[in-house]
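Undergrad: Below are the structure tokens for one structure; questions will follow.
The values are calculated or read from the model by the stated rules, or taken from the named source; none is laboratory data. Since this is a predicted model, take the numbers as computed values, not measurements. Every residue, glycine as well, gets a Cβ built from its backbone with ideal geometry; the counts of neighbours run over all protein chains shown.
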Amino acid sequence: MVLLAVNWTNALIITLIGFGLVVILLIFLVFVLLGFGAIMARINAPKKENNLKPVAVVPTPNAVETVEITGEELAAIAMAIQMSKENIHDSEHNVLTIVSDPNSAWASKTFGINNLIR
């Protein structure tokens, strides 16, 4: 008859207060995290510099530079373009190939946890 001796009104009040406190603290924690997020976004935002003024750039016709490219550089560029066009990579995409060595310590049965010495 111990079950009947419990004051269920007090137990219900304590339970509701506990659940209510948890919900209120979770809502408070959400607002705290949103506040920290806003503060960090404001700190990490790029700084605006208002003292920059647009400048018009007019190219001069005599400013053209000629660049000499050597034969080795042209050959390297041509080889890079040819290799990128040919797809020299593996024909298997998204396939992981694992080759196991039976003589390695990882495959050794002596290090197993089920090795019971009696």
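Undergrad: Tally up the residues in segment 79-93 that are at pLDDT 70 or above and either among the aromatic types (F, W, Y) or surrounded by fewer than 10 Cβ atoms within 10 Å (Cβ to Cβ) (or both), please.
TA: Residues flagged as at pLDDT 70 or above and either among the aromatic types (F, W, Y) or surrounded by fewer than 10 Cβ atoms within 10 Å (Cβ to Cβ) (or both) within segment 79-93 amount to 3.
Undergrad: Restricting attention to segment 52-67, report how many residues are at pLDDT below 75 and among the small types (G, A, S).
TA: Adding up the residues that qualify gives 1.
Yes or no, residue by residue, for (1) modelled with pLDDT of 90 or more; (2) surrounded by 10 or more Cβ atoms within 10 Å (Cβ to Cβ); (3) over 40 Å from the mean Cα position of the chain (by Cα):
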| position | (1), (2), (3) |
| --- | --- |
| L34 | yes, yes, no |
| N50 | no, no, no |
| I69 | no, no, yes |
| L74 | yes, yes, no |
| K109 | no, no, no |
| N115 | no, no, yes |
